[in-house]
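A short worksheet on the structure shown next.
The values are calculated or read from the model by the stated rules, or taken from the named source; none is laboratory data. Not measured: the values here are computed from a predicted model. Note that each Cβ is placed from the backbone with ideal geometry, even for glycine, and that neighbours are counted across all protein chains shown. Keep in mind that these areas ignore ligands, DNA and RNA; they rest on the heavy atoms of the full protein, side chains included. Shrake-Rupley method; radii C 1.70, N 1.55, O 1.52, S 1.80 Å.
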Amino acid sequence: MFGNGLYPKPPDLKLPRTQNLTDGEIFYIVENGIRMSGMPAFAGSGSSEDSWKFVYFIRHLPRLTSQEEAQMKSLNPKTPEEVQEEKDEEQFLNYGQSSGTTTTKKHMKGHQQ
Ligand code: HEM
């Protein structure tokens, strides 16, 4: 979402441009950022151990499984509307009934009524 408005655009970290960097180069970029771009410096916001974890994470990206991706998405912050929708869905699945407003509206979107 933020990347669309940036110049230069953030690269796809799975691709050779990034994967061909050495571990030390990736670590340096994470710690110091890239000047004249949107890439922030993360040194100071965590330990250098955290930056090494990013290096491992970036190395793993080309082999990310769909389960891992789903798990990451589940950890994203949720809006109050999304939290309510989840509750409605869970209630619907567990009890066969739902307070329903959010779920019904969302699922009817784009269908002829
Ligand atoms: C999870 C945190 C992040 C990590 C680990 C990370 C890592 C990296 C790395 C390793 C590169 C260099 C890759 C290459 O040159 O091929 C890069 C580039 C870049 N990142 Fe990040 N990044 C992070 C967050 C962000 C955020 C939050 C933004 C902006 C909102 C951002 C914007 C950019 C941009 C614009 C570049 C390209 C700069 C250029 O082409 O000169 N990054 N990032």
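Worth a mention:
- Ignoring aspartates and glutamates fewer than eight residues from K73 along the same chain, the ones with Cα atoms less than 19 angstrom from its Cα are D12, E81, E82, E85, E86, E89, E90.
- Among the protein heavy atoms, those of L64 account for about 50 Å² of accessible surface (1.4 Å probe, every chain in place).
- Accessible surface area normalised per residue over segment 3-72 is 76 Å², counting heavy atoms of protein chains with a 1.4 Å rolling probe.
- Net charge, F27 excluded, C-beta distance under 13 Å - Lys, Arg +1, Asp, Glu -1: -3
- Phi-based couplings in Hz for segment 52-62 (Karplus 6.51, -1.76, 1.60; Gly and Pro marked x): 5, 5, 5, 4, 4, 4, 5, 5, 7, 3, x
- Taking amide H atoms as placed 1.01 Å from N in the peptide plane, the amide H of M39 lies under 5 Å from those of I34, each 5 or more residues away in sequence or on another chain.
- Debye intensity ratio in log₁₀ form over the Cα atoms of segment 3-72, taken at each q of 0.18, 0.21, 0.24, 0.29 Å⁻¹: -0.79, -1.03, -1.21, -1.29
- Portion, in percent, of the accessible area of segment 3-72 that falls on carbon or sulfur, probe 1.4 Å: 59 percent
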